[in-house]
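The values are calculated or read from the model by the stated rules, or taken from the named source; none is laboratory data. These numbers were taken from a predicted model, which means no experiment stands behind them. No Cβ is skipped: glycine too gets one built from the backbone with ideal geometry, and neighbour counts run over all protein chains shown. For accessibility, only protein heavy atoms count, side chains too; no ligands or nucleic acids. Shrake-Rupley method; radii C 1.70, N 1.55, O 1.52, S 1.80 Å.
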Amino acid sequence: MSRFNEGTVYTNDKCIGCSKCISVCPVFGANVSRTIGGRQVVEVSKKCIDCGLCVVACEHGAREYKDDFEAVLKALSDKKKVSALIDPVLYLIYGDKAHEILGFLRDMGIYKIYDVAYGAEICMYAHAKYIKEHIDNNGQCRQFIANTCGALNNYIATVSPQLIPLVIPVHSSVTCTAIYARKYLKDDSEFVVISPCITQVDEIRNADSGMHITYSVTIDSLMNYIGTKGIGTRRAEADLTAEGLGNIIAYNDGFIEGVSAFFSKEEIFTNLGGIKDVNIENLSDLSGIKKPRHSLMVTADVCRGGCVCGTGLKISDVSLSATLDNYRKIRATSFNFVNSCISPDEYYTRMTGVYKDLNFDDFSKTLSDRYRQPYIVPEDAINDIFNNMHKDTAAKRSINCRSCGYKTCRDFAIAVSNGYARMQDCVHFMNDDLKFSALLDKMSGVANREGFAKKANDIIENNPNKNYVLLVGNVNKLKNVNDLYGTEMGDMVLIHIAKTIEAMIGVHGTCGRFGGGVFAVLVEDKPQYTSELMHLESFNASRLGVFFPITIRFGMYRITDHAPKLSNIVNLCTYAADKATDRTKNTFIEYTDTMRKEMQEETDITLKMRDAMTEGEFVLFMQPQYNHQNGKMVGAEALCRWLKQDGSIVSPGIFIPVFEKNGFIKELDKYVWESAFKLVQQWEKTGGPQVPISVNISRVSLENDEVVDVIRGLAKKYPIDKKNLYFEITESAYMKDQAALTERVYKLKEIGFAIAMDDFGSGYSSLNSLKDIPIDVLKLDMGFLRGGTNVERGNEIITYMVHMAKALKLKIVAEGVEYKEQADFLTEEGCDVIQGYFYARPMPLADFEAKVKTET
């Protein structure tokens, strides 16, 4: 189970790891820097107090939050009775439009609407009542932190529990409203609070709040929904409203004004503002205050400016000037009752009469201690982290640039130790590390590619009388180690390999890691220095807990006076290494003259292939297909041949693998497909051969959706009877991305072309391919019938495959048939069509057309 993004606030996939969220967050460890899929992100941990500051601060839209809006919609659709608690902010932001919003809520099916301003007045009176009843002889109250902000409560309960005894034990304005509506108005609805506060989700689910409210919805979510539906014309009023100071609590010092109205002007009330760093420190200092006198009550909110600046507002709807105008209008009437009283005492006395029927125990709340003792990072650990970050001076350890999001370098080191941050989040470390890593592979401790090249060249140049051998190898099945044991274990295995090779070659050479599982070794070419490595069957990693042999396929090159540059030799070694087929033990394949000729041939083919296409050297050959029962030609396979201008032919067994390696096969496929379309269209117009021909789609072309678009385009450009052309795919193509290939085949069939599966039984056979891919023709490979000592077993397999294909109602073509006995056997078993040297070899197009004319 993930430890991140499980709460109200979470990180989406837009995060770029800029650390802005860390810099604004009041809680150490609430944001955790991680690398996911090679992408740096900052996720949200369970320490988050859901204040939403990061949601507002993020310039990339990478922080979001969850509320209960969908749950409210479902409750209403299920005909549940739901009443709404409306935060006063709605009236400050939207003014007269707020009544249209209330009308929209009525249309949604909301049962009752209660202004939280009413509960705010109960809340403010309860705060004043508690202070007056608990004030000591020095005119002070031990509990003096007001309950105005859910995020502040979360902060106190989880980060600074020493402040819990200082919190005035009264429910919030929202909860006071819910309690009043439930107990005193007898409303048995489910309650939803609509507010600008993301943290309300936490407050309503917290046992400290009594679970009086079922749902929390932000004003942002509501207004987004209204935007999709249209607000309508209905206007409505709340069922419970307030006329006093509860209406101004959302604006900056509004709550303080409401409570201080019960006290003389000599008493001190303090608003600490938004809980940014300095204010949090001030708040924490209050618990150990030694001054003879402090404020009678203090407030602190997440949102500087009060709830009117809440993190759950629809920002585009907020107009500072309009909000100020609305505030002035509301404020002008909110003080009417207070001003009618000649003194704070009279005001208190009159409000006591108003609330004489209330039991204020109902509105009492005590915070629970949810604090978890943090891990105290030892000084040695901090020093180790600094040293690993190349911060080896006092100046480097106190740069304090805050680009990582933390106030100081020391805070950052502590965050790294706790797993909240990564060393790579420090830009100064990354700059220093670039220099440090220029010649060293920091994971394995051996040289990297550049470092190895430099050292190897120095060794060769400084020892002209010695002979050296270069080995370059790649770890076999390193992905299996990572998948089975994790990437950390994979790294440990690579470190083990590096250390093993270093120990074996000692001072007689050098070792490097080029990245991944690629290692390079330069060692003096003497048996006493090379034999230990070259006789090592595998790298035993059992002491690490990996209990299968770790092997490397090495390519070797013996360096002489006339050897090419080292960088070129590395490529030659890589070429030789790829010739190894045994992955169960270390292999050492030396680069040979034969390989040199192969590489030259590949290079020659690559250099000439585009000119060959331009000059029309790629031509179609046809290999006829026959019904063996009557000897009639029933089709042909179109094959590509490279016919050079000097008359020589390049074997497809030579140029096709090269084209597949360099990607040119896709261009050749398109060329062959268009040639086939042109040919079929020409035959249909001129009365040419009327037999269907098949053309191949290479494995490489089939790996991309472009194949469908190209063939669809050719079908439009060259309108033909689609029965006269169909496409062959190789079964091996199915091994890579089965779902994508199947989808592409379906799309080709939708265009109208039949599909044949080529080479079935050649080594990649999978019954899943028959089950999933919508083929029409199955082409059997005749490898089962060629030589060997198990011909009878081969016949049985062929029989099984033919019967299976028949059961699937597939047309069967046997290719590679060379003898009459094979053709007879296959036909007797039910094979429809025979293709192979027994009937005809692939032939030039003119010969094929003549053969068709003669035979038909």
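Quick one: which residue in Ala740, Ala756 is within 18 Å of Asp669 (Cβ to Cβ) and at pLDDT below 90?
Details: Ala756 fails: at pLDDT below 90.
When all the criteria are applied, what remains is Ala740.
Run down Leu566, Leu620 and say which single residue is under 30 Å from Val813 (Cβ atoms), open to solvent by less than 40 Å² (accessible area, probe 1.4 Å) and touching a helix residue (DSSP H, G or I) at 6+ places or on another chain (Cβ under 7 Å). Steps first, please.
Details: Leu566 fails: under 30 Å from Val813 (Cβ atoms).
One residue alone meets the criteria, Leu620.
Is it the case, given these coordinates, that Thr35 is within 26 Å of the chain's Cα centre (by Cα), touching a residue at least 24 places away in the same chain (Cβ under 8 Å) and more than 28 Å from Tyr371 (Cα to Cα)?
It is true that Thr35 is within 26 Å of the chain's Cα centre (by Cα), touching a residue at least 24 places away in the same chain (Cβ under 8 Å) and more than 28 Å from Tyr371 (Cα to Cα).
With the requirement that a residue be outside any helix (DSSP H, G or I), among the aliphatic types (A, V, I, L, M) and over 31 Å from the mean Cα position of the chain (by Cα), what does segment 189-227 give you? Spell out how you get there, then give the answer.
Looking only at segment 189-227, we keep the residues that are outside any helix (DSSP H, G or I), and these are 189-199, 206, 210-218.
In the following step, the residues that additionally are among the aliphatic types (A, V, I, L, M) were identified as 192-194, 198, 211, 213, 217.
Of everything in segment 189-227, those that are outside any helix (DSSP H, G or I), among the aliphatic types (A, V, I, L, M) and over 31 Å from the mean Cα position of the chain (by Cα) turn out to be Val192, Val193, Ile194, Met211, Ile213.
Inspect all residues belonging to segment 61-70 and state whether any of them is touching a residue at least 60 places away in the same chain (Cβ under 8 Å) and basic (Lys, Arg).
Our first condition is that a residue be touching a residue at least 60 places away in the same chain (Cβ under 8 Å); within segment 61-70, this holds for 65-69.
Retained after the next criterion (residues that are basic (Lys, Arg)): 66.
Checked segment 61-70: at least one residue is touching a residue at least 60 places away in the same chain (Cβ under 8 Å) and basic (Lys, Arg).
Give the residues of segment 376-395 that are open to solvent by 60 Å² or more (accessible area, probe 1.4 Å) and touching a residue at least 12 places away in the same chain (Cβ under 8 Å), sorted by residue number.
Across segment 376-395, the qualifying residue is only Asn388.
Each row is one residue, and each column tells you yes or no for (1) at pLDDT 90 or above; (2) among the hydrophobic types (A, V, I, L, M, F, W, C); (3) in a helix (DSSP H, G or I).
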| position | (1), (2), (3) |
| --- | --- |
| Val308 | no, yes, yes |
| Thr311 | no, no, no |
| Ala322 | no, yes, yes |
| Ala332 | no, yes, yes |
| Thr349 | yes, no, yes |
| Gly353 | yes, no, yes |
| Asp357 | yes, no, no |
| Asp362 | yes, no, yes |
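Test Phe547 against the criterion of being without any contact (Cβ under 8 Å) to a residue 40 or more places away in the chain and under 40 Å from the mean Cα position of the chain (by Cα), and give yes or no.
yes
Kindly indicate the residue of segment 674-715 that is under 36 Å from the mean Cα position of the chain (by Cα) and of a type in the set (S, T, N, Q) and also surrounded by the most Cβ atoms within 10 Å (Cβ to Cβ) among those meeting that condition. First the steps, then the outcome.
Applying the first criterion (under 36 Å from the mean Cα position of the chain (by Cα)) to segment 674-715 yields 697-713.
From the residues that got through so far, the ones that are of a type in the set (S, T, N, Q) too are 698, 701, 704.
Numbers: Ser698: 19, Ser701: 23, Asn704: 13.
Only one residue fits best here, namely Ser701.
For segment 801-851, which positions are open to solvent by less than 20 Å² (accessible area, probe 1.4 Å) and at pLDDT below 90?
Residues satisfying the conditions are Met801, Val802, Ala805.
Just to be sure I understand, how many residues within segment 46-55 are in contact with a Phe, Trp or Tyr (Cβ under 7 Å, 6 or more places away or on another chain) and open to solvent by 20 Å² or more (accessible area, probe 1.4 Å)? Before you say what the answer is, go through the steps one by one.
Within segment 46-55, the subset in contact with a Phe, Trp or Tyr (Cβ under 7 Å, 6 or more places away or on another chain) is 49, 52, 55.
When the remaining residues are screened for being open to solvent by 20 Å² or more (accessible area, probe 1.4 Å), the result is 55.
Total meeting the criteria: 1.
So the check is Cβ under 7 Å with 6+ separation or different chains; which pairs have a first residue in segment 199-221 that's over 24 Å from Asp188 (Cβ atoms) and a second one that's open to solvent by 30 Å² or more (accessible area, probe 1.4 Å) and in a loop (DSSP other than H, G, I, E, B)?
Thr218/Asp67; Ile219/Lys314; Asp220/Lys314; Ser221/Asp67
Kindly evaluate Asp96 against the criterion of being open to solvent by less than 40 Å² (accessible area, probe 1.4 Å) and charged (D, E, K, R). Full working, then the answer.
Numbers: open to solvent by less than 40 Å² (accessible area, probe 1.4 Å): no; charged (D, E, K, R): yes.
No.
Residue by residue, here is whether (1) at pLDDT 90 or above; (2) open to solvent by 40 Å² or more (accessible area, probe 1.4 Å); (3) farther than 27 Å from Ala250 by Cα holds:
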{"site": "Phe4", "(1), (2), (3)": "no, no, yes"}
{"site": "Lys14", "(1), (2), (3)": "yes, yes, yes"}
{"site": "Cys25", "(1), (2), (3)": "no, no, no"}
{"site": "Gly37", "(1), (2), (3)": "no, yes, yes"}
{"site": "Glu43", "(1), (2), (3)": "yes, no, yes"}
{"site": "Ala57", "(1), (2), (3)": "no, no, no"}
{"site": "Ala71", "(1), (2), (3)": "yes, yes, no"}
{"site": "Lys79", "(1), (2), (3)": "yes, yes, yes"}
{"site": "Ala84", "(1), (2), (3)": "yes, no, no"}
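Can you tell me which residues in segment 651-673 are part of a helix (DSSP H, G or I) and open to solvent by less than 50 Å² (accessible area, probe 1.4 Å)? Quick ask: steps written out before the conclusion?
We begin by selecting, within segment 651-673, every residue part of a helix (DSSP H, G or I); these are 652-662, 665-673.
Hits for segment 651-673 are Pro652, Phe655, Ile656, Val658, Phe659, Ile665, Leu668, Asp669, Val672, Trp673.
Would you mind listing the strands (runs of 3 or more DSSP E) fully within segment 62-124 where at least 2 residues are over 37 Å from the mean Cα position of the chain (by Cα) and within 16 Å of Thr214 (Cβ to Cβ)? If you could, list the steps in order and put the result at the bottom.
On the way: elements: 63-65, 82-86, 113-115.
By residue number, 82-86, 113-115.
Against the condition surrounded by fewer than 18 Cβ atoms within 10 Å (Cβ to Cβ) and modelled with pLDDT of 90 or more, how does Lys20 come out, does it pass?
Numbers: surrounded by fewer than 18 Cβ atoms within 10 Å (Cβ to Cβ): no; modelled with pLDDT of 90 or more: yes.
No; evaluated as a whole, the condition is false for this residue.
Which residue, of Asn474, Asn465, Asn418, is out of contact with any Asp or Glu (no Cβ under 7 Å at 6 or more places or on another chain) and free of Cβ contacts under 8 Å to residues at least 12 places away in the same chain? Steps first, please.
Numbers: Asn474 fails: free of Cβ contacts under 8 Å to residues at least 12 places away in the same chain; Asn418 fails: free of Cβ contacts under 8 Å to residues at least 12 places away in the same chain.
One residue alone meets the criteria, Asn465.
Give the number of residues within segment 329-375 that are open to solvent by 90 Å² or more (accessible area, probe 1.4 Å) and of a type in the set (Val, Ile, Thr).
3
Please find, within segment 576-590, the residue that is most open to solvent (accessible area, probe 1.4 Å) out of those that are over 35 Å from the mean Cα position of the chain (by Cα) and under 14 Å from Ala520 (Cβ atoms).
In the first step, residues of segment 576-590 are kept if they are over 35 Å from the mean Cα position of the chain (by Cα); the result is 576, 579-582, 585-590.
Adding the requirement that they be under 14 Å from Ala520 (Cβ atoms) leaves 576, 588.
On the way: Ala576: 0, Phe588: 44 Å².
The selected residue is Phe588.
Under 6 Å between Cβ atoms, which residue pairs at least 6 apart in sequence (or on different chains) link something in segment 835-852 that is without any contact (Cβ under 8 Å) to a residue 40 or more places away in the chain with a partner that is of a type in the set (S, T, N, Q) and in a loop (DSSP other than H, G, I, E, B)?
That search, which allows pairs on different chains as well, returns nothing.
Hey, does segment 639-647 have a residue that's open to solvent by 40 Å² or more (accessible area, probe 1.4 Å), touching a residue at least 40 places away in the same chain (Cβ under 8 Å) and closer than 25 Å to Gly836 by Cα?
Initially, segment 639-647 is screened for residues open to solvent by 40 Å² or more (accessible area, probe 1.4 Å), giving 641, 643-647.
Checking which are touching a residue at least 40 places away in the same chain (Cβ under 8 Å) leaves us with 641.
Now drop any that are not closer than 25 Å to Gly836 by Cα, which leaves 641.
Yes - at least one qualifying residue is present in segment 639-647.
In segment 431-489, what residues are assigned to a loop (DSSP other than H, G, I, E, B), over 26 Å from Phe547 (Cα atoms) and of a type in the set (Gly, Ala, Ser)?
Across segment 431-489, the qualifying residues are Ser437, Ala438.
Based on what the data block shows, is Asn462 touching a Gly at 6+ places or on another chain (Cβ under 7 Å) and modelled with pLDDT of 90 or more?
Working: touching a Gly at 6+ places or on another chain (Cβ under 7 Å): no; modelled with pLDDT of 90 or more: yes.
No: the conditions fail for Asn462.
Looking only at segment 155-212, filter to residues that are over 18 Å from Lys66 (Cβ atoms), acidic (Asp, Glu) and out of contact with any Leu (no Cβ under 9 Å at 6 or more places or on another chain); which one of those is least open to solvent (accessible area, probe 1.4 Å)?
Residues of segment 155-212 over 18 Å from Lys66 (Cβ atoms): 155-191, 207-212.
Of the ones still in play, those that are also acidic (Asp, Glu) are 187-188, 190, 208.
Next, only the ones that are out of contact with any Leu (no Cβ under 9 Å at 6 or more places or on another chain) stay: 187-188, 190.
Numbers: Asp187: 7, Asp188: 111, Glu190: 49 Å².
Selected residue: Asp187.
State all residues of segment 528-561 that are touching a helix residue (DSSP H, G or I) at 6+ places or on another chain (Cβ under 8 Å) and in a helix (DSSP H, G or I); if no residue qualifies, say none.
Result: Tyr529, Glu532, Leu533, Leu544.
Within the group Asn252, Asn282, which residue is modelled with pLDDT under 85 and not in a helix (DSSP H, G or I)? Break it down into steps so the answer makes sense when it comes.
Numbers: Asn282 fails: not in a helix (DSSP H, G or I).
None of the others qualify; the one that does is Asn252.
Checking the structure you have, find out if any residue of segment 440-453 is modelled with pLDDT of 90 or more, of a type outside the set (Asp, Glu), closer than 30 Å to Ala503 by Cβ and open to solvent by 70 Å² or more (accessible area, probe 1.4 Å).
yes
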